[in-house]
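The values are calculated or read from the model by the stated rules, or taken from the named source; none is laboratory data. None of the values given here were measured: they were computed from a predicted structure. Cβ atoms come from the backbone with ideal geometry, glycine included; neighbour counts cover every protein chain shown. Heads up: the accessible areas ignore ligands, DNA and RNA and are worked out on the full protein's heavy atoms, side chains in. Shrake-Rupley method; radii C 1.70, N 1.55, O 1.52, S 1.80 Å.
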Amino acid sequence: MLRQKGKELWYLWLVPLIFVGCFLIWGTVDSVQTQEGSTCISCHTSVKDLVKITREIAAKSKRPCQKSAESKGEG
Amino acid sequence: MEPYEKVLIDEEFLDEDPHGEIACEACHGGNPKAANWKVAHKGMIPDPTYPNATNACGECHEEIVAKNKTNVHISLSGFSHLVGVRASTDKAVREKVFKGMKTHCFQCHSSCGQCHVSRPDSVEGGFVAGHLFHKTPPMETNCTSCHGSRVEKEYLGKNPGVPGDAHYAKKGMECIACHTGEEMHGMGKNFNHRYEVENAPRCENCHQDAASPKAKIKTHRLHRGKVSCHVCHSVTYKNCYNCHVGKDAKGLPYFKTDKSELGFKIGLNPNPNKNRPYKFITVRHIPVSKGTFDFYVKDGLANFDALPNWKMATPHNIQRTTPQTKSCNSCHGKKELFLLEQDVAPQEREANKKVIVPKDAVPRSR
């Protein structure tokens with residue numbers, strides 16, 4: 001009789017397998033999103049984007065050089 | 001470096017460097033999901049390793065980070081101690097001196113990131129190689145970008161007419177060959193001066209025979225413990241004078257120093273100790289002057305005379321053969337090599353009385 005019941009509940013083994021599968025997929029997707037797909041990486045690996053942004057910053061900055069021109073001699 | 005180059009990440013960092021597996025915001029904060037760069041950079045920390053590297057590096061490099069606060073490149077304890085000794089004892093005046101020091105001197109510091117990832121902030125930063133981490137900081141982009149005026153020029157032979165250090169010129173040794181990671185990372189103990197750091201390099205760590213009472217070379221045996229290695233084996237080096245700091249009309253900090261001069265002077269050791277028992281040492285004029293902080297407060301360094309500003313030096317231009325090693329009388333009786341009273345500005349004689357060599361103390365010719 002027990003053997004008969006075991007046969008009926010065989011599908012319960014799928015539950016932990018589905019959980020593990022979902023966890024692995026979620027982990028991979030998260031890692032890809034935070035690195036290669038993130039705003040930080042997509043911009044900081046693009047020369048074109050960085051040139052555009054750094055020029056934008058330089059154009060807006062009223063004091064492009066933050067070092068005093070009065071410094072003289074060897075530090 | 002072009003501004004974009006300073007922050008351009010090499011894709012190799014993401015593929016090859018274990019640090020590239022960590023999400024940017026885990027170390028730098030900011031908001032990676034923001035739609036534009038302005039919002040994305042809000043709250044972003046450019047160097048997450050300074051002043052405290054615990055969050056960024058501590059999880060993996062726990063032991064190094066624990067000691068790092070005592071690393072003199074971070075603590076700048078030498079500056080604080082020496083300026084503190086020279087400063088006025090008046091609390092209000094002292095505070096103004098320290099404010100000046102914080103604005104100027106304390107801007108030259110390092111951090112984990114400013115050695116292993118970027119050039120130091122004091123030379124306007126920028127990734128050394130696309131955010132890749134270097135286990136050993138490159139000498140030319142990191143060490144000498146700060147230690148450029150004196151050490152670099154001496155070591156690489158950039159002072160006109162003066163040869164570079166034999167350790168570099170003949171053996172190609174870079175800074176790290178002597179100044180190990182252990183020294184750079186701190187010992188977990190505070191020191192008042194870089195010369196007190198217990199694991200700092202010593203010539204005899206490698207040149208054991210030269211420091212032995214049974215040294216093969218007679219002059220090593222004769223001078224052992226009496227003169228520092230540099231007295232015989234270094235050549236002309238740089239002296240700096242009269243540093244003044246202040247802020248310009250725009251509020252930007254500046255410094256001004258008088259013209260540097262090349263020279264070579266042997267002085268008395270003002271503080272003989274177990275590690276440096278020598279009577280004679282090489283001395284270099286350092287930039288501090290009585291008026292260094294005049295912009296912030298008059299007579300800030302009221303106790304200027306408490307310490308010499310002809311200071312023990314370990315010039316980085318070691319040679320096997322120097323003008324001093326040619327014969328006994330290349331040094332003995334050669335008064336011009338010694339720091340005599342006449343070599344010291346009258347207003348600095350009191351401060352340097354312990355290093356000035358009295359004429360009758362110059363070793364007699366043979």
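State to the nearest 20 debye the size of the charge dipole of the range B:149-366 about its Cα centre, where the only charges are +1 on K and R beta carbons and -1 on D and E beta carbons. Let's see the in-between values first.
Values: 37 positive and 22 negative charges, 186 e Å.
Result for the range B:149-366 is approximately 900 debye, rounded to the nearest 20.
Using +1 on the beta carbon of Lys and Arg, -1 on that of Asp and Glu, and nothing else charged, what's the dipole of chain B about the Cα centre, debye to 20? Don't skip to the answer; put the middle values down first.
Numbers: 51 positive and 41 negative charges, 521 e Å.
That gives chain B a dipole magnitude of about 2500 debye.
Using R₀ = 45 Å, calculate the FRET efficiency as 1/(1 + (r/R₀)^6) where r is the Cβ-Cβ separation of residue B:103 and residue B:133; round to 0.05. Don't skip to the end; give the middle numbers.
Working: r = 31 Å, r/R0 = 0.69.
About 0.90, to the nearest 0.05.
List the residues, sorted by chain then number, that are 5 or more residues from residue B:313 or on another chain and whose placed amide H is less than 5 Å from its amide H.
Excluding prolines and chain starts, which carry no amide H, the hits are B:282, B:283, B:284.
Just want the answer: with Cβ charges of +1 for Lys and Arg and -1 for Asp and Glu, which residue in B:301, B:20, B:146 is farthest toward the dipole's positive end in the protein assembly as shown?
B:301
Based on the mean of other Cβ atoms within 10 Å per residue, sort peptides B:103-114, B:25-36 so the most packed one is first.
Working: B:103-114: 20.1, B:25-36: 15.2.
Packing order, densest peptide first, comes out as B:103-114, B:25-36.
How high is the relative contact order of the range B:227-361, given as a whole-number percent (alpha carbon pairs under 8 Å, six or more residues apart)? Walk me through the numbers before you get to the answer.
Numbers: 245 pairs, mean separation 38.9, N = 135.
After rounding, I find 29 percent.
Size of the dipole of the protein assembly as shown about the Cα centre, Lys and Arg at +1 and Asp and Glu at -1 on the beta carbon, nothing else charged, in debye to 20?
Working: 62 positive and 48 negative charges, 455 e Å.
Charge dipole, the protein assembly as shown, about its Cα centre: 2180 debye, nearest 20.
How well do other chains shield peptide A:43-50, expressed as the mean number of their Cβ atoms within 10 Å of each residue Cβ?
For peptide A:43-50, the averaged partner shielding equals 6.
Given the protein chains as shown and a 1.4 Å probe, how many square angstrom of residue B:349 are accessible, to the nearest 10?
My reading of the accessible area for residue B:349 is about 80 Å².
Enter the angle in degrees (range 0 to 90, nearest 10) between the Cα long axis of helix B:91-103 and the first principal axis of the Cα atoms of chain B, meaning the one along which they spread out most.
Tilt relative to chain B: about 70 degrees.
What angle, in degrees between 0 and 90 and rounded to the nearest 10, separates the Cα long axis of helix B:77-86 from the longest principal axis of the Cα atoms of chain B?
The answer is roughly 50 degrees.
How many angstrom lie between the C-alpha centres of the range B:318-366 and the range B:1-57?
53 Å
Given H placed on each backbone N at 1.01 Å, which residues far from residue B:239 in sequence or on other chains put an amide H within less than 5 Å of it?
Here B:261, B:262, B:263 satisfy the definition.
Please list the radius of gyration and Dmax for the range B:30-99, considering alpha-carbon atoms only, with Å as the unit.
18.4, 54
Among B:293-305, B:73-85, B:182-194, how do they line up by average Cβ neighbours within 10 Å per residue, starting with the highest?
Details: B:293-305: 19.5, B:73-85: 17.4, B:182-194: 15.8.
Ranked from most to least packed, the peptides come out as B:293-305, B:73-85, B:182-194.
Can you give the % of DSSP beta bridges in the protein assembly as shown that are antiparallel, to the nearest 5?
Numbers: 14 of 17 bridges.
Of the beta bridges lying entirely in the protein assembly as shown, close to 80 percent run antiparallel.
Residue B:341: net charge of surrounding residues, Cβ under 10 Å, Lys/Arg +1, Asp/Glu -1, itself excluded?
Values: positive: B:349, B:353, B:359; negative: B:343.
Here the charged neighbours net out to +2.
Bins of 20 Å, beginning at zero and ending with the bin holding the largest distance: percent of Cα pairs per bin for chain B, please.
Calculated P(r), rounded to whole percents: 24, 54, 20, 2, 0.
With every protein chain kept in the model, how would you rank B:96, B:67 by accessible area, 1.4 Å probe, largest at the top?
Details: B:96 100, B:67 75 Å².
Ranked from most to least accessible, the order is B:96, B:67.
Quick one: net charge around residue B:221, please, counting Lys, Arg +1 and Asp, Glu -1 for every other residue with C-beta under 15 Å from its C-beta.
Numbers: positive: B:214, B:216, B:218, B:224, B:226; negative: B:204, B:209.
After counting each charged neighbour, the total is +3.
Loop only by DSSP, 16 or fewer other Cβ within 10 Å of the Cβ. Give me the GluC sites (Glu not before Pro) in the range B:198-286 that pass, ordered by residue number. Show your work: numbers first, answer last.
Details: sites: B:198, B:204, B:261; in loops: B:198.
Answer by residue number: B:198.
Report, please, the projected area of the range B:140-233 averaged over directions, based on the convex hull of its C-alpha atoms, in nm². Could you put the intermediate results ahead of the total?
Working: hull surface 31.0 nm².
Convex hull of Cα atoms, orientation-averaged projection: 7.7 nm².
So what are the three principal axis dimensions of the range B:149-366 from its Cα atoms, in whole Å, longest to shortest?
Sorted from largest, the Cα extents of the range B:149-366 read 61, 44, 37 Å.
Which lysines does residue B:91 reach when only Cα atoms under 30 Å apart count, and residues fewer than 8 places away in its own chain are ignored?
Excluding near neighbours in sequence, the set is B:69, B:99, B:102, B:189, B:247, B:250, B:256, B:290, B:298, B:311, B:353, B:354.
Tell me, what is a quarter of the convex hull surface for the C-alpha atoms of the protein assembly as shown, in nm² with one decimal? Walk me through the intermediate numbers first.
Numbers: hull surface 129.3 nm².
Dividing the Cα hull surface by four gives the mean projection, 32.3 nm².
Within 10 Å of each Cβ in peptide B:31-37, how many partner chain Cβ atoms are there on average? Round it to a whole number, please. Don't jump to the answer; show the numbers that get you there.
Working: counts 2, 10, 5, 2, 1, 3, 10.
So the per-residue partner count for this stretch is 5.
Report the accessible area of residue B:222, computed with a 1.4 Å probe over the heavy atoms of all protein chains in place, in Å² rounded to the nearest 10.
90 Å²
When the helices in the protein assembly as shown are scored as -39500 (n - 2.57) per DSSP H run of 4 or longer and the sum is shared across all residues, what 222 nm value do you end up with, to the nearest 500 deg cm²/dmol?
Values: 19 runs with 133 residues, N = 441.
Roughly -7500 deg cm²/dmol at 222 nm, from the helical runs in the protein assembly as shown.
Heavy atoms of the protein only, probe of 1.4 Å, neighbouring chains included. What is the accessible area of residue B:195 in Å², nearest 10?
50 Å²
With a Förster radius of 35 Å, plug the Cβ-Cβ distance of residue B:26 and residue A:15 into 1/(1 + (r/R0)^6) and report the FRET value to the nearest 0.05. Each step should come with its number before you reach the end.
Values: r = 33 Å, r/R0 = 0.93.
Given R0 = 35 Å and the Cβ-Cβ separation, E is 0.60.
Can you list the HN-Hα couplings for the range B:45-56, worked out from phi with the Karplus curve (6.51, -1.76, 1.60; θ = phi - 60°), rounded to whole Hz and with x for Gly and Pro?
My calculation for the range B:45-56 gives 10, x, 10, x, 9, 10, x, 10, 8, 4, 5, 7 Hz in order.
Restricting to Cα pairs below 8 Å that are 6+ residues apart, what does the relative contact order work out to for chain B? Please round to a whole percent. Before the final figure, lay out each step's value.
Values: 592 pairs, mean separation 58.2, N = 366.
Dividing the mean separation by the residue count of chain B yields 16 percent.
Along the charge dipole of the range B:149-366, pointing to its positive end and built from +1/-1 on Cβ of Lys, Arg, Asp and Glu, which listed residue (B:243, B:231, B:185) has its Cα farthest out?
About the Cα centre, the residue reaching furthest to the positive side is B:231.
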